[in-house]
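The values are calculated or read from the model by the stated rules, or taken from the named source; none is laboratory data. In this text the structure is predicted, and so the values were computed from the model without any measurement. Neighbour counts run over all protein chains shown; Cβ positions are idealised from the backbone, glycine included.
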Amino acid sequence: MPEAKVICSGLVERIGLKNAKITYTTTTQEIENETQIKDHTVGLKLIAQYLMDNEVGVIKDVSEIEAVGHRVVHGGSEFATTTLITTAVKAKIKELFSLAPLHNPANLEGIEVAETIFPEAKQIAVFDTAYHQTIPEKAYKYAIPNALLDEHDIRLYGFHGTSHKYVVQEAQKLLEKTTSNIITIHLGNGCSMTAVKNGESIDHTLGFAPMNGLIMGTRSGDIDPAIVFYLVNNKGYTLEDVNTMLQKESGMLGLTGYSDLRDIEAKAAAGDKACKLALEMSAYRIKKFIGAYVAVMNGLDAIVFTAGIGENSSMMRKLVCQDMEYFGIALNEEENNIRAKKARSIHKESSKIKIMVIPTNEELEIAKQSFELL
């Protein structure tokens with residue numbers, strides 16, 4: 001920084017599974033290894049080993065790192081901006097564990113491990129919720145007793161903000177204007193959509209915690225809350241049982257037995273009815289929110305697909321965009337089937353709405369915000 005030159009990059013995925021994998025790429029080579037990575041601590045220590053490796057490393061000593069930027073999913077109402085991490089900040093992140101149980105514990109673990117690996121560096125938190133602070137009260141407030149917002153801060157917060165913010169900025173460049181209505185669709189193991197008017201988030205599918213809205217890898221997305229009471233009052237479930245089910249056993253995993261969309265698409269192509277239905281259900285939910293957001297923005301200039309599934313699954317993009325002629329959405333299937341790692345348009349010339357695939361770059365956005373804070 002500030003040149004934003006990538007010296008190395010990498011990914012640790014499938015943590016805790018038998019086929020966990022680390023990918024490490026420098027300007028001259030790419031290494032990919034399957035190994036046992038039982039938890040996030042092991043993964044982070046492995047990253048540090050690669051960074052300082054005698055042959056493929058890019059630094060010689062941990063003192064070369066001045067700052068470590070951390071994605072933190074839930075910042076509650078406390079954190080609206082990028083923040084230098086202190087003991088008090090860590091305590092607040094811990095307080096919010098119950099609101100983002102799949103994320104904040106791992107985020108804090110990442111911070112604490114990074115503090116031991118890079119003791120001289122400043123640790124900086126970039127909160128997923130910060131970008132959505134512009135959502136108006138009529139959209140973020142729930143129709144429950146006022147005291148729950150006034151006294152307990154129960155409201156829609158929104159998530160994946162770092163990703164949504166980055167791709168909005170890139171979309172505005174392609175549109176060559178900042179006054180625009182954009183729907184960003186972040187599809188990964190976690191999924192969300194944002195209605196963006198003139199660069200600002202005005203509504204979002206995730207709410208108080210990153211659990212509702214779209215169908216996700218293991219999370220249910222929207223359900224009737226009466227189901228929770230029915231399971232507890234009539235079927236012998238505890239609240240913890242229901243929480244675990246909705247967070248870790250639902251979504252695509254609950255529908256198909258698989259949480260990875262690559263597996264689901266392969267099974268669907270082979271004729272698996274449950275996998276085919278799950279894909280249709282996921283696309284249907286996305287289409288419903290597109291309609292809702294077109295209504296609240298009174299128009300639409302562009303749809304942006306991003307994140308692992310949004311960028312790589314031509315099938316999901318096709319399912320979402322088909323039968324949307326009323327909105328002037330016309331997908332160019334030939335362009336849609338091309339795999340590329342750059343921002344591109346995939347709509348027909350006749351399409352009134354631009355359809356874009358923009359690779360998200362949360363790392364770059366976190367680096368920019370961390371550098372600005374320094």
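Considering segment 343-366, the residues that are hydrophobic (A, V, I, L, M, F, W, C) and out of contact with any Leu (no Cβ under 9 Å at 6 or more places or on another chain) include one that is surrounded by the fewest Cβ atoms within 10 Å (Cβ to Cβ), namely L364.
Which residues, counting only those in segment 297-306, are more than 11 Å from V320 (Cα to Cα) and either of a type in the set (S, T, N, Q) or surrounded by 15 or more Cβ atoms within 10 Å (Cβ to Cβ) (or both)? M297, N298, L300, D301, A302, V304, T306, listed by residue number.
This table checks each residue for (1) out of contact with any His (no Cβ under 8 Å at 6 or more places or on another chain); (2) surrounded by 15 or more Cβ atoms within 10 Å (Cβ to Cβ); (3) more than 24 Å from P210 (Cα to Cα); (4) of a type in the set (S, T, Y).
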| site | (1), (2), (3), (4) |
| --- | --- |
| K5 | yes, no, yes, no |
| K18 | yes, no, yes, no |
| T25 | yes, yes, yes, yes |
| I37 | yes, yes, yes, no |
| G43 | yes, yes, no, no |
| H74 | no, yes, no, no |
| E78 | yes, yes, no, no |
| T81 | yes, no, no, yes |
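Among residues that are touching a His at 6+ places or on another chain (Cβ under 7 Å), touching a residue at least 24 places away in the same chain (Cβ under 8 Å) and either under 25 Å from E151 (Cβ atoms) or surrounded by fewer than 20 Cβ atoms within 10 Å (Cβ to Cβ) (or both), V89 is not included. Does I303 meet the test of being of a type in the set (V, I, T), under 19 Å from the mean Cα position of the chain (by Cα), within 21 Å of T194 (Cα to Cα) and part of a helix (DSSP H, G or I)? It is false that I303 is of a type in the set (V, I, T), under 19 Å from the mean Cα position of the chain (by Cα), within 21 Å of T194 (Cα to Cα) and part of a helix (DSSP H, G or I).
One residue stands out in segment 202-216 among those that are buried (at least 22 other Cβ atoms within 10 Å of the Cβ) and in contact with a helix residue (DSSP H, G or I) (Cβ under 7 Å, 6 or more places away or on another chain): the one that is farthest from L102 (Cα to Cα), namely D203. Of all residues being modelled with pLDDT of 95 or more and among the basic types (K, R) in segment 237-275, which is nearest to D222 (Cα to Cα)? Just the residue, please. Per the criteria, the residue is K273. What is the number of the single condition among (1) assigned to a helix (DSSP H, G or I); (2) touching a residue at least 60 places away in the same chain (Cβ under 8 Å); (3) of a type outside the set (S, T, Y); (4) more than 16 Å from G310 (Cβ to Cβ) that K138 does not meet? Failing condition for K138: (2).
Yes/no matrix, rows are residues, columns are (1) closer than 21 Å to S192 by Cβ; (2) modelled with pLDDT of 95 or more; (3) touching a Cys at 6+ places or on another chain (Cβ under 7 Å):
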{"residue": "E280", "(1), (2), (3)": "yes, yes, no"}
{"residue": "I286", "(1), (2), (3)": "yes, yes, no"}
{"residue": "A292", "(1), (2), (3)": "yes, yes, no"}
{"residue": "A295", "(1), (2), (3)": "yes, yes, no"}
{"residue": "G310", "(1), (2), (3)": "yes, yes, no"}
{"residue": "L331", "(1), (2), (3)": "no, yes, yes"}
{"residue": "N336", "(1), (2), (3)": "no, yes, no"}
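Checking each residue in segment 334-355 for being more than 18 Å from K287 (Cα to Cα) and charged (D, E, K, R) picks out E334, E335, R339, K341, K342, R344, K348, E349. For segment 263-295, taking the residues that are among the basic types (K, R) and free of Cβ contacts under 8 Å to residues at least 12 places away in the same chain, the one that is surrounded by the fewest Cβ atoms within 10 Å (Cβ to Cβ) is identified as K273. Of all the residues in segment 306-316, those that are in a helix (DSSP H, G or I), touching a residue at least 40 places away in the same chain (Cβ under 8 Å) and out of contact with any Asp or Glu (no Cβ under 7 Å at 6 or more places or on another chain) number 6. Within the option set D224, D203, being free of Cβ contacts under 8 Å to residues at least 12 places away in the same chain and either in contact with a Cys (Cβ under 7 Å, 6 or more places away or on another chain) or not in a helix (DSSP H, G or I) (or both) holds for one residue only, D224.
State whether one or more residues within segment 46-55 are in contact (Cβ under 8 Å) with a residue 60 or more places away in the chain, surrounded by 14 or more Cβ atoms within 10 Å (Cβ to Cβ) and within 23 Å of L108 (Cα to Cα). Yes, segment 46-55 has at least one match.
Of K352, K342, all but one fail to be among the basic types (K, R), within 19 Å of the chain's Cα centre (by Cα) and either at negative phi or not in a loop (DSSP other than H, G, I, E, B) (or both); the exception is K342.
Restricting attention to segment 135-174, the residues that are buried (at least 16 other Cβ atoms within 10 Å of the Cβ) and either of a type in the set (A, V, I, L, M, F, W, C) or on the phi < 0 side of the Ramachandran plot (or both) add up to 20.
Looking at segment 53-71, is at least one residue part of a loop (DSSP other than H, G, I, E, B), over 22 Å from the mean Cα position of the chain (by Cα) and polar (S, T, N, Q)? There is at least one residue in segment 53-71 that is part of a loop (DSSP other than H, G, I, E, B), over 22 Å from the mean Cα position of the chain (by Cα) and polar (S, T, N, Q). Restricting attention to segment 108-151, report how many residues are within 18 Å of G207 (Cα to Cα), touching a Leu at 6+ places or on another chain (Cβ under 9 Å) and of a type in the set (A, V, I, L, M, F, W, C). Summing the residues that are within 18 Å of G207 (Cα to Cα), touching a Leu at 6+ places or on another chain (Cβ under 9 Å) and of a type in the set (A, V, I, L, M, F, W, C) in segment 108-151 gives 2.
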